[in-house]
Amino acid sequence: MRVRSTGVLSPGLGGEPPSPLAHGRTRVVLLCALALNQFLVAAAGACVAALGPALLTAMGLSGTALPWAVVVYLLALGGLLLPSRWLCGRIGPFGGPFFVLLAGLWMFVQTSVVIGARLITTPVAFLVLRGVQGAGAAALTAVALVLVARVLPVRGERESVQFGWGAVIVAGVFAGLVLGARLPAGEWRWAFWMNLPLGALSGMTTLGLLRATRARKADGHLRTPAPSRPSLPLPDA
């Protein structure tokens, strides 16, 4: 009597498909999109401080109220960073961070459009919108931290990317200050409208990665071999 195999591969041989985020090209595109988000976050926080009299006149702010536009933004960013990080983990292992990122981009870009189009003209409404923009920035930053840890499990790779992002944030602060200081008085809206094309680029890239990730994950589940069955001793013919 000899043992005949049932011919079913074990999961160890077929295995689960690798994480869709682990592919080299996908990882590079994702990191670039997240770096662009951090550039926008830094630039939006700095540009308002340099706009000066033009923004004061347009929004009816007093000279002492302008610093509050920066303070409210930073308070919302810092205060909602940990809750946004918690929300990423609560929603799901893959879809959560991407949905939080898209929600953050929506808040960030929409507030920029509303302020740039002067749909609000009162100081209180302006400060409230700056708080909402800071909440969007908190979501962008929290998701970036989560995805970097997921895409780059090796500590040395994470440290290299974080060092590069530090340079991106410094460049964003510098660009925001220069843009706010160099814009003519009548063109201050462009300091907010620049978030629309850059945010749309980042959002479309992220949405594409989300769809590709979900499709690959679903395809991996469909292709996963069935669990192996124990071999049965069968008599020889």
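The values are calculated or read from the model by the stated rules, or taken from the named source; none is laboratory data. Note that the coordinates shown come from a computational prediction; the quantities given were computed from them, not determined experimentally. Keep in mind that these areas ignore ligands, DNA and RNA; they rest on the heavy atoms of the full protein, side chains included. Shrake-Rupley method; radii C 1.70, N 1.55, O 1.52, S 1.80 Å.
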Point to revise | Karplus (6.51, -1.76, 1.60) ³J(HN,Hα), θ = phi - 60°, over segment 115-126, in Hz, Gly and Pro reported as x | key: 5, x, 7, 6, 6, 10, 9, 9, x, 5, 4, 5
Exercise for review: Collect residues whose amide H, placed 1.01 Å from N in the peptide plane, falls under 5 Å from the amide H of LEU152; neighbours closer than 5 in sequence don't count.
Suggested key: none
Revision key, fill the gap. Averaged per residue, the 1.4 Å probe accessible area of segment 65-196, protein heavy atoms only, in Å², is roughly 50 Å²
Review point. Given the Cα-Cα distance of THR205 and TRP68 and 0.36 nm per residue of separation, how much length would full extension add, in nm?
Key: 46.0 nm
Practice item. Please report, in whole Å, how far the alpha carbons of segment 49-116 spread along each principal axis, starting with the longest. Key: 46, 22, 15
Review point. Cα gyration tensor of segment 33-79, axes a ≥ b ≥ c as square roots of the eigenvalues: rounded (a/c below 1.5), prolate (a/b > b/c) or oblate?
Key: oblate
Practice item. Heavy atoms only, probe 1.4 Å: what % of the accessible area of segment 142-192 goes to carbon and sulfur, would you let me know? Key: 68 percent
